[in-house]
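To start, the structure under review is shown below, and the notes come after it.
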Amino acid sequence: MSIPYVVRKKADLSSGERKELWYGVPSKMQQRGGVKNKELAVRMAKMTGFHRGQIEGILSELVESIQDLLSSGHSVTIEGLGTFQTALTSQGYELPELVTPGKVSISRVYFVANSKFSKELKKTKCTRIPFKYYMPESMLTKNMKKADRELEQTEYDIEEPEMDEEVQE
């Protein structure tokens, strides 16, 4: 498995001066919203033997249970996956008794991945989507076209005929 990416030009200001460099970024070709509960449940059903409907029900209840526990001030750790937590905020006050419940709120809900989970996921290779699929023909340089051909040869293990060879019909 690999994660597809595209190449985009971005401004780099780290040296103090503006410099445009090329970066690998997530592909916009990915389906919006990602994998939904039903697709995840189908995948899990194939791997576990549980029925898809049971898994969908568990996933739905999982969301409600996590929300309920976070609302009660708990963090929630799913072993092997990570921890869901909340952060609180309020304005600053001169006297502690002025920091009342109505003035404190949840500023964000966040997820911290399990370190082993992150470490394993970071081993995933990334694959560039050929330039020709997202850049106008007028922007494609000779080297970009060559890189696309090399990528396709590697991906499909195709041997390119030498330029001297005549192709017989």
Original post:
Take the residues of the range 102-127 that are in a helix (DSSP H, G or I) and charged (D, E, K, R): which is farthest from the chain's Cα centre (by Cα)?
Top reply: Lys103
Subject >> the range 128-147: number of residues that are loosely packed, with under 10 Cβ neighbours inside 10 Å and part of a loop (DSSP other than H, G, I, E, B) >> reply: 1
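A quick yes/no check of all residues on (1) exposed (fewer than 10 other Cβ atoms within 10 Å of the Cβ); (2) out of contact with any helix residue (DSSP H, G or I) (no Cβ under 7 Å at 6 or more places or on another chain); (3) touching a residue at least 60 places away in the same chain (Cβ under 8 Å):
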residue: Thr77; (1), (2), (3): no, yes, no
residue: Ser90; (1), (2), (3): no, no, no
residue: Glu94; (1), (2), (3): yes, yes, no
residue: Leu98; (1), (2), (3): no, yes, no
residue: Phe117; (1), (2), (3): no, yes, no
residue: Lys123; (1), (2), (3): yes, yes, no
residue: Cys126; (1), (2), (3): no, yes, yes
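Which residue, of Leu13, Leu69, is more than 25 Å from Val109 (Cα to Cα) and free of Cβ contacts under 8 Å to residues at least 12 places away in the same chain?
On inspection, the qualifying residue turns out to be Leu13.
Values quoted throughout were computed directly from the atomic coordinates according to the rules given, and no laboratory measurement underlies them. Just so you know, these numbers come straight off a predicted model, no measurement behind them. Note: ideal-geometry Cβ built from the backbone for every residue, glycine included; neighbour counts use all protein chains shown.
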